[in-house]
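Below: one structure, written as structure tokens.
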Amino acid sequence: MKLFITRDTKSPVYLDAVRIRRQVFVEEQHVPTEIEIDAYEALCVHFVLYDDETDAALATARLLPGKENENLITLQRMAVLKEYRGNGYGRKVMEAIEKFAAQNRFPEIVLHAQLTAKDFYTKMGYIPFGDEFEEAGIRHISMKRQIQICAETD
């Protein structure tokens, strides 16, 4: 597996992220496109996991730095293509995101988990907080995890 990160909304990596998100959120879950692709795209860091052998894009997520406060990073749009679920690809993306957060000195990651994904995030060390709510017609819960900041190296 290889993982690429981009902030460039014209890059092939970003376009692969959008393709995965459209397939998972818009086509499978019927989230309106105008909610799925939003005004924050250019502010986010986009992660895409690829298969080494086929170069197929398998999973994606994005991070929005500082949306709720400058010390937080918000994980959004976590998606694994249906045919690749259950293979640990979501975990690989999450590990890369947590490493990125640690290296960039974000002490906490916050996310809105679909209730169907709550157990996945709990296993990754995320803790639910607040009440359940509906977003794009889907039940969610807010979750967060403290991140061990990487020591500075000179």
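The values are calculated or read from the model by the stated rules, or taken from the named source; none is laboratory data. Bear in mind the structure is a predicted one, so any value in this text is a computation, not a measurement. A quick note on method: Cβ atoms are made from the backbone with ideal geometry, for glycine too, and the neighbour counts reach across all protein chains shown.
Which numbered condition in (1) modelled with pLDDT under 95; (2) assigned to a helix (DSSP H, G or I) is the only one that residue 153 fails?
(2)
Among (1) free of Cβ contacts under 8 Å to residues at least 60 places away in the same chain; (2) over 11 Å from the mean Cα position of the chain (by Cα), which single condition is residue 35 missing?
(1)
Within segment 1-14, which residues are in a helix (DSSP H, G or I) and either at pLDDT below 95 or surrounded by 15 or more Cβ atoms within 10 Å (Cβ to Cβ) (or both)?
13, 14
Looking at the structure I just gave you, is residue 35 in contact with a Pro (Cβ under 9 Å, 6 or more places away or on another chain) and under 21 Å from residue 118 (Cβ atoms)?
Numbers: in contact with a Pro (Cβ under 9 Å, 6 or more places away or on another chain): no; under 21 Å from residue 118 (Cβ atoms): yes.
Taking the combined requirement at face value, the residue does not satisfy it.
So residue 143 ticks every box in (1) among the hydrophobic types (A, V, I, L, M, F, W, C); (2) over 25 Å from residue 18 (Cβ atoms); (3) touching a helix residue (DSSP H, G or I) at 6+ places or on another chain (Cβ under 9 Å); (4) in a strand (DSSP E or B) but one. Which box is left unticked?
Condition (2) is where residue 143 drops out.
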